[in-house]
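Okay, structure first, notes after.
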Amino acid sequence: MGAMTIREARKNYGAVEVLHGVSLDIEDGEFVILVGPSGCGKSTLLRMIAGLESIASGEITIAGRTVNGLAPKDRDIAMVFQNYALYPHMTVEENMGFSLKLAGVPVAERKERVAAAAEMLGLEPYLGRHPRQLSGGQRQRVAMGRAIVRNPQVYLFDEPLSNLDAKLRVQMRSEIKLNHQRLRTTTVYVTHDQIEAMTMADRIVVMRDGTIEQIGTPLELYDRPANLFVAGFIGSPAMNQLPGRLEGGTFVAEDGTCIPLPGDVSGVSGRDVVLGIRPEGFLPAMEGLTAEVVTVEPTGSETQVMLRLAGQVLTAAFRERVTQRPGDAITLGIEHAHLHLFDAATGERIGPDL
Amino acid sequence: MTAAGPSFDRATALRTAGVFVFTAIALLPIGATIMLSLRPRPGGEPALISLQNFRHVFETSLVLDWLGNSLMVSLFTVVAAIIVSAPAGYVISRGRHKVIEGYSLLLFIVQSLPIITAVIPLFILFARLGLADHLGALVIIYVAGSLSVATWMMAAYFDSIPAALEEAAWIDGCSVFGGFVRIVLRNSLPGVLSTAIFTFLLSWNDYLVAIVFLKSDDSFTLPIGLQSFFQQTSTDWGAVMAVSVITMMPPVILFALLNRYFSVGGIGGSLSSQ
Ligand SMILES: Nc1ncnc2c1ncn2[C@@H]1O[C@H](COP(=O)(O)OP(=O)(O)OP(=O)(O)O)[C@@H](O)[C@H]1O
Ligand SMILES: [Mg+2]
């Protein structure tokens, strides 16, 4: 079925290589999200899968078939573009039915399939309209509908929600997710929004500068980030990063503050490290570390507090209400599951797990 | 705002007056031509306005043949130029390859060479091929002569059509050529029309090439036919004016018909940002 493999895929524009040998296996029916900062090559990789960019070297297979030399139309894929790219001279119905028309699907069946997709997306009242007569959200739905009617092996999405307002984005997010649960079609979805990635993906692929940094389920990436880059990218608010040294079983920050570590870290004693602490890893406690409160930002469900600790300003997110005011001292414990050690030089995660 | 108001109004008034003056100057010879063509002929029945000149040229010259020749030549030129320049412009618009960029530059250089420098060698060549005094020769030369600018015009218009549109079409099942025709060209009507009008005027108004190639008076185009009314000793000005008006009519009608299509089309609504 719609399984996909990418083997050592490379891409260059002239002398500049923008993808440096990317390998990825995607199972049939999986929802895989590519995330990473702007310019890391997400769109390029997606477009190589679609056949819109040539593959310099390496191999891409879809449903067991090598697609390197195939034109986009022969790959049995559907794609939703960031800017929707609706055909301006066609009505919504014609836009959605265009692929079926090209495939020679009889008019009656075409109408039926378009109507079914339109119903699913709430587009029935707009079938006779042209794209310019639609709102941004409606256009986005038409772009989705154009992909859905196809029933392809693979769906490709390139930041389909980035042009919508926050509320509509959340709504479309769950609709896409729901739609995937219903159709179970293999999906590759590009975004640079880590919340979108965390909430929608079966697996996330974190990319940077044309290479894959880590592949895993959302919680794997959150619980065991492979390096500092992934640690900083996944999770909101971002993980705090404290540079320092390991001495015996204790982390010593640059200003001498000691944070005792659980687990056996004697094997890596004496190394320069970065200690990662998730904001939600801090707990109000009776005894432990003492920090100074810098700002308090209640959001209702949780309270974000900026703290001065070990000479740095760190972020903490408490489930509990915080009574301290800026300038007050606060005593903190740290939940061990939210502590991570990274090598200071390479940024790689250091075992053992804490 | 209030301070800027009056001076703005004065500027607008000045500009409007300027436009009127220049339009009047531009239209003066055309108005004179029309008026003179409607004067009675010497020895004809006196009248304020009369069609005697037109009746005369239709009865005594081959002006209808010339009109037909001109229309035929221009039609074939326009159709051939569009058929060639549209795909060529598309390649130049979308192509990223160095060769394509070089070709695009070459077109620009070629465009600056006046066609008249090549007319005599071309005549010798075409005469050998039996194409002297043949309208087909004109079509070939007009198409070749307009192609660089036409290609460049089409490319400039295609640049305004987002590549994502044809990419969507490829994914929906179009070939590269299919995407070009069904999506890109389909949404480029204003660009095609501009290019068509440019080539039409080029071939319709040409005198220099036609005078070299056309010898027999039943193969004349209108500008050459017009020339035949200028005699050495006397010129029939009434007839000249009538043929001039006949020559003017098709472009005027064409512009009037096509004018509204320049504003329609465009890619409104296809992209999220619009
Ligand atoms: N046509 C091109 N010519 C040259 N370089 C290109 C071209 N297209 C993309 N690049 C380069 O390739 C790299 C990857 O681009 P890509 O569009 O894949 O990034 P992205 O991860 O999708 O970023 P974003 O989140 O901003 O969309 C970038 O450094 C970009 O400058
Ligand atoms: Mg991108």
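Leaving out ligands, DNA and RNA, what percent of the accessible area of the range A:211-303 is carbon and sulfur, probe 1.4 Å?
The C+S portion of the solvent-accessible surface of the range A:211-303 is 53 percent.
Among all the aspartates and glutamates, which ones have a C-alpha under 14 Å from residue A:167's C-alpha, if same-chain residues fewer than 8 places away are not counted?
A:175, A:196
What area, in nm² and to one decimal, does the C-alpha convex hull of chain B cast on average over all directions?
22.6 nm²
Given the DSSP H assignment, sum -39500 (n - 2.57) over each helix run of at least 4 residues in chain A and divide by its residue total; what's the result at 222 nm in deg cm²/dmol, nearest 500?
Rounded to the nearest 500, the figure is -7000 deg cm²/dmol.
Tell me which lysines have Cα within less than 19 Å of residue A:73's Cα, excluding those fewer than 8 residues away on the same chain?
A:101
If each DSSP helix of 4+ residues adds -39,500 (n - 2.57) and the sum is divided by the residues in chain B, what number results at 222 nm, nearest 500 deg cm²/dmol?
Calculated at 222 nm, the ellipticity per residue is -23000 deg cm²/dmol.
Before I look further, what does the protein assembly as shown give for accessible area per residue, probe 1.4 Å, in whole square angstrom?
Heavy-atom accessible area per residue stands at 48 Å².
Could you give P(r) for the range A:271-354, binned at 5 Å from zero, as whole percent values over all Cα-Cα pairs?
In order of increasing distance, the bins hold 3, 15, 23, 24, 16, 10, 7, 2, 0 percent.
Would you mind getting me the FRET efficiency between residue A:111 and residue B:163? Use the beta-carbon distance for r and R0 = 35 Å, nearest 0.05.
0.70
Along the principal axes of its C-alpha atoms, what lengths does the range B:117-274 span, in descending order and rounded to whole Å?
Ordered largest first, the range B:117-274 gives principal extents of 70, 38, 23 Å.
Give me the distance in nm between label points sitting 7 Å out from Cα along the Cα-to-Cβ direction at residue A:66 and residue B:105, one decimal.
Between residue A:66 and residue B:105, the label points sit 3.8 nm apart.
What does the charge dipole of the range A:241-351 about its Cα centre add up to, to the nearest 20 debye, if the Cβ of each Lys and Arg holds +1 and the Cβ of each Asp and Glu holds -1?
Dipole size: approximately 120 debye.
Determine by what factor the alpha-carbon radius of gyration of the range A:252-316 differs from 2.2 N^0.38 Å, reporting the quotient.
In units of the globular-protein estimate, the range A:252-316 measures up at 1.27.
Can you pull the one-decimal nm distance between simple spin-label points at residue B:25 and residue B:252, each 7 Å off the Cα toward Cβ?
Result: 2.2 nm between the two label points.
Hey, quick one: spin label on residue A:129, modelled 7 Å out along Cα-Cβ, who in the range A:139-176 has an amide N within reach, i.e. under 13 Å?
A:139-143
With only Lys, Arg, Asp and Glu charged, each at its Cβ (+1 for the first two, -1 for the last two), find how big the charge dipole of chain B is about the Cα centre; round to the nearest 20 debye.
400 debye
Computed over the Cα atoms of the range A:151-247, what is the ratio Rg over Rh, Rh following Kirkwood?
When Rh is taken as the Kirkwood radius, the ratio is 1.03.
Name the residue farthest towards the positive end of the dipole of chain A from the options A:295, A:240, A:170, assuming +1 on Cβ of Lys and Arg, -1 on Cβ of Asp and Glu, about the Cα centre.
A:170
Would you be so kind as to identify which of A:6, A:337, B:180 lies farthest towards the positive end of the dipole of the protein assembly as shown, taking Lys and Arg as +1 and Asp and Glu as -1 on Cβ and the Cα centre as origin?
Farthest along the dipole direction, towards plus: B:180.
What's the magnitude of the charge dipole for chain A around its Cα centre, counting Lys and Arg as +1 and Asp and Glu as -1 at the beta-carbon? Answer in Debye, nearest 20.
The dipole magnitude comes to about 1580 debye.
Let me know the Rg and Dmax you get for the protein assembly as shown when you use only its Cα atoms, in Å.
Spelled out, the Cα radius of gyration and Dmax of the protein assembly as shown are 36.2, 124 Å.
Specify which residue in the list B:38, A:274, A:157 is farthest towards the positive end of the charge dipole of the protein assembly as shown, using unit charges on the beta carbon of Lys, Arg (+1) and Asp, Glu (-1), about the Cα centre.
After comparing all options, I get B:38.
Summing both sides, how much accessible area is buried between B and A? Use a 1.4 Å probe and give Å² to the nearest 100.
The buried area between B and A, both sides summed, comes to about 2300 Å².
I need the fraction of alpha carbon pairs in chain A separated by more than 28 Å, rounded to a whole percent.
In whole percent, the long-distance tail amounts to 53.
Round to a whole number: what % of the accessible area of chain B belongs to carbon and sulfur, probe 1.4 Å?
72 percent
The values are calculated or read from the model by the stated rules, or taken from the named source; none is laboratory data. On a predicted model such as this, the values are computed, not experimentally measured, just so you know. Cβ sites come from the backbone with ideal geometry, for glycine too, and all protein chains shown count toward neighbours. Note: areas computed on protein heavy atoms with side chains; ligands, DNA, RNA excluded. Shrake-Rupley method; radii C 1.70, N 1.55, O 1.52, S 1.80 Å.
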